[in-house]
Amino acid sequence: MPAPPPPRSQPKRRRPLALPAVCPCEGIAPEPLLASLVSLTADVASRRAGEASAFPVLRRGTHQAVRLAGLLLAFLEEIQDAAATLSHSAVVGLTELHVAMQKMRFLLTDCARRGGRLWVLVNAELIASELRLCLGSVAAAMDVLPTSIVGASVESGELGRLVSDQAWRAVVRPDAGDKLAVRSIRSIMDTFKMGVAPEADDVMRVLRRIRVESWFQCSEEIAFLDGELSARFDAGDENSSAVVLLNNLMAFLVYCRVVLFDHIDSKQSDATAARPATCPEWIRPEALQCPITLELMTDPVTVSTGQTYDRASITRWMKAGCRTCPVTGEKLRTADLVPNAALCGIIERMLLSNGVSLPETGSRHHHGDADGSAATFSPSATGAARLAISYIVAQFSTGSTEERRKATSEARKLSKHSVFYRALFVEANAVPWLLCLLSCMDASVQDNAVASLLNLSKHPGGRTALVEAGGIGLVVDIVNVGSKAETQQNAVAILFYLSSNAEYAEEIGRFPEAIPTLVRLIKEGAHRGRKNAMVSLYGLLQSPSNHAKAVAAGAVVVLAGLLSSDRDGDLACDTVSLLARIAEQPAGAQAVLARAGLVARLVEFLAASASRSGKDHCVGLLVMLCRHGGEKVVALLGRMPGLMGSLHSLVADGSPATCKKARSLISMIHRHYELTRPSSSPVPLPVPTPNAGDRFVRLVL
């Protein structure tokens with residue numbers, strides 16, 4: 001029998017070391033209160049059999065808490081039969097117990113949490129204090145329970161007194177091993193500050209304390225700290241001491257992962273994580289893919305038409321001016337995006353069952369990217385990061401194939417994380433070595449090297465280093481002969497970032513195969529490859545010398561075919577914008593005009609498109625065709641059915657830039673018919689049009 005669907009809503013994720021206990025409602029009946037307390041206490045006591053041995057911090061204190069929960073559970077089971085006769089004072093005491101046990105469960109969950117062990121270690125004093133408060137609350141609640149309840153039987157009386165006595169006498173403080181590990185971390189960070197690598201034994205002593213024994217476990221710790229940083233950035237707390245501490249711990253773990261673990265875990269590597277995850281039987285796998293990108297959704301949201309998309313892709317769609325549902329074509333009544341918690345839960349469980357962590361949603365900005373500064377990176381964190389990156393670059397040059405595979409994987413991860421790490425890679429002269437690895441026969445090394453170069457090309461220094469090292473030709477070669485489709489797509493994206501500089505755009509155009517390769521990808525590539533190729537070619541066309549090369553490579557023919565086959569897709573807007581860029585030069589405009597039926601298709605697009613940016617590029621393209629094509633083109637447009645209505649709509653509702661272009665095109669058409677009107681005609685000749693609703697109004701610019 002298939003499993004039932006998950007609930008439609010899920011509670012917001014709790015922040016670690018936060019204890020949002022819920023007090024039972026006033027006037028609650030004793031029976032459900034006691035039943036809930038028994039269930040809660042049983043959950044805490046059950047950790048004795050499994051999780052208690054996995055507590056890396058406060059081992060003695062957590063053991064005392066779990067043991068106390070077992071005693072309390074035995075007491076509650078003894079008095080459960082008398083629930084119907086409980087007095088008001090007994091309910092008050094049980095309510096306090098309920099709140100205390102909620103907090104204790106949260107604390108024990110955090111102490112045993114995989115991924116957050118280093119954070120728990122450095123907060124051991126805080127956790128010990130909170131745990132003492134929980135135990136004190138349990139003792140106080142037991143003391144206020146009526147004697148008639150505690151002493152209902154000999155067993156309950158003995159258990160009640162034992163629980164109270166143990167709770168009051170419990171001594172919870174960080175163990176000697178915890179304190180030593182924290183001191184070791186401080187000493188290691190001081191060593192990093194001086195730019196000196198610490199002793200491996202000292203570092204491994206800390207990792208053994210928190211039971212981090214593999215590359216994958218180290219990555220879990222880094223991901224947890226990264227999530228904590230994101231939460232603080234969201235809260236506007238990016239300059240607090242906690243952020244500096246988190247960055248220090250992340251840099252420490254990055255150094256450990258890079259230097260101390262010589263291979264990526266075979267069972268939990270990126271290759272394993274990338275394999276298709278199994279989907280529950282009661283849902284179609286394609287339902288978990290975003291209809292726009294066809295990739296697995298990580299933050300599913302639902303729009304007003306009831307369709308679900310990934311938040312990032314539908315946000316880009318709406319920012320481009322599109323106000324329709326990409327699937328149904330219906331107009332969106334509102335721009336509100338409602339999180340689809342049920343689908344998010346399905347995806348999360350599916351990924352976790354395959355050993356993959358679901359990325360944190362809501363805000364996945366990378367720290368340091370917002371302002372480009374490294375203010376929150378202390379000298380210790382900077383020193384640790386420099387040592388790790390120096391080790392990676394050394395592996396590029398001297399490592400074996402396996403070592404290079406791991407080194408390029410680390411470079412890919414770190415350079416994607418933030419502008420801070422990108423700057424350090426550029427400073428370490430990593431770009432020339434990555435370019436050398438593009439010729440590596442190992443597909444994984446080549447793929448990681450290209451992805452790393454893509455991340456570094458987002459940094460101005462990275463772009464400069466790539467061009468100065470003669471990397472443009474190598475990148476163009478990878479577009480053609482890359483070992484994977486993703487590798488080729490990433491190489492195209494590198495060209496896009498390089499084309500942001502006019503000099504680099506002209507330099508790329510000097511390679512004979514560069515522009516024809518992009519045109520071929522636009523024609524034959526997958527969805528992502530086509531989009532990357534189109535935006536890259538758009539950037540290259542800022543150099544006037546590349547226009548003729550694009551036309552000669554058949555760009556107009558390919559774009560015309562794409563516009564006809566993708567009438568309602570998101571590629572249509574990119575196609576029109578690229579045609580508009582090509583038509584800026586006379587040769588490009590003539591190529592557009594020479595393509596049979598293309599002008600009529602552009603007029604249809606202008607009338608049907610819901611994208612504001614698409615309409616803007618389309619009307620701009622028509623203006624350029626008129627300017628470079630002369631009166632014949634103006635006369636042709638004047639005879640196009642529906643054009644004038646679309647232009648008048650843009651004058652009324654378009655953006656200021658679009659309105660100006662529409663008015664200019666209307667003026668061109670009117671001026672043409674005024675100049676061609678016979679002088680003896682007493683009234684202006686009507687413009688031929690099959691639509692009676694089209695009107696021509698003389699506008700003054």
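The values are calculated or read from the model by the stated rules, or taken from the named source; none is laboratory data. Just so it is clear, the structure is predicted and the values come from calculations on it, not from any experiment. Every residue, glycine as well, gets a Cβ built from its backbone with ideal geometry; the counts of neighbours run over all protein chains shown.
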**Q.** Within the range 646-701, considering residues that are at pLDDT below 80 and within 30 Å of LYS319 (Cα to Cα), the one nearest to the chain's Cα centre (by Cα)
**A.** GLY654
Q: Kindly provide the set of residues from the range 78-100 that are acidic (Asp, Glu) and over 47 Å from the mean Cα position of the chain (by Cα), ordered by number.
A: GLU78, ASP81
Q: Give the range 227-253 a look and list any residue that's more than 20 Å from LYS193 (Cβ to Cβ), in contact with a helix residue (DSSP H, G or I) (Cβ under 7 Å, 6 or more places away or on another chain) and either at pLDDT 85 or above or assigned to a helix (DSSP H, G or I) (or both), or say none.
A: GLU228, LEU229, ARG232
**Q.** Residue, modelled with the lowest pLDDT, within the range 559-596, restricted to residues that are buried (at least 19 other Cβ atoms within 10 Å of the Cβ) and either assigned to a loop (DSSP other than H, G, I, E, B) or among the β-branched types (Val, Ile, Thr) (or both)
**A.** ASP570
Q: Filter the range 533-556 down to residues that are in contact with a Lys or Arg (Cβ under 7 Å, 6 or more places away or on another chain) and part of a helix (DSSP H, G or I) and give me whichever is surrounded by the most Cβ atoms within 10 Å (Cβ to Cβ).
A: VAL556
Q: Give the residue, chosen from ALA428, ALA443, ALA514, that is within 30 Å of ALA572 (Cα to Cα) and at pLDDT 90 or above.
A: ALA514
Q.
Kindly evaluate LEU118 against the criterion of being crowded, with 21+ Cβ neighbours inside 10 Å, closer than 30 Å to LEU225 by Cα, touching a Phe, Trp or Tyr at 6+ places or on another chain (Cβ under 9 Å) and of a type in the set (A, V, I, L, M).
A. yes
Q: Please list, ordered by first then second residue, the pairs with beta carbon atoms under 8 Å, 6 or more apart or interchain, first in the range 202-219 and under 12 Å from LEU253 (Cβ atoms), second loosely packed, with under 15 Cβ neighbours inside 10 Å and acidic (Asp, Glu).
A: LEU207/GLU213
Q) How about the range 440-502: which helices (runs of 4 or more DSSP H) wholly inside it have at least 1 residues that are within 27 Å of SER400 (Cβ to Cβ) and of a type in the set (Val, Ile, Thr)? A) 443-456, 472-481, 485-498
Q: For the range 499-530, name all the residues that are of a type in the set (Ser, Thr, Tyr) and buried (at least 16 other Cβ atoms within 10 Å of the Cβ).
A: SER499, TYR504, THR517
Q.
Condition first: among the small types (Gly, Ala, Ser) and more than 30 Å from the chain's Cα centre (by Cα). Can you find one or more residues in the range 564-574 that meet it?
A. yes
Q: Within the range 349-358, identify whether any single residue is assigned to a loop (DSSP other than H, G, I, E, B) and either touching an Asp or Glu at 6+ places or on another chain (Cβ under 6 Å) or modelled with pLDDT of 65 or more (or both), and answer yes or no.
A: yes
Q) Would you say SER304 is over 26 Å from LYS413 (Cα atoms), at pLDDT 80 or above and either of a type outside the set (A, V, I, L, M) or in contact with a Leu (Cβ under 6 Å, 6 or more places away or on another chain) (or both)? A) yes
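This table checks each residue for (1) among the polar types (S, T, N, Q); (2) loosely packed, with under 14 Cβ neighbours inside 10 Å; (3) free of Cβ contacts under 8 Å to residues at least 60 places away in the same chain.
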site	(1), (2), (3)
GLN166	yes, no, no
SER184	yes, no, yes
ASP190	no, no, no
ASN248	yes, no, no
VAL259	no, no, no
Q) Looking at (1) more than 29 Å from the chain's Cα centre (by Cα); (2) at pLDDT 90 or above, which is the only condition GLN542 fails? A) (2)
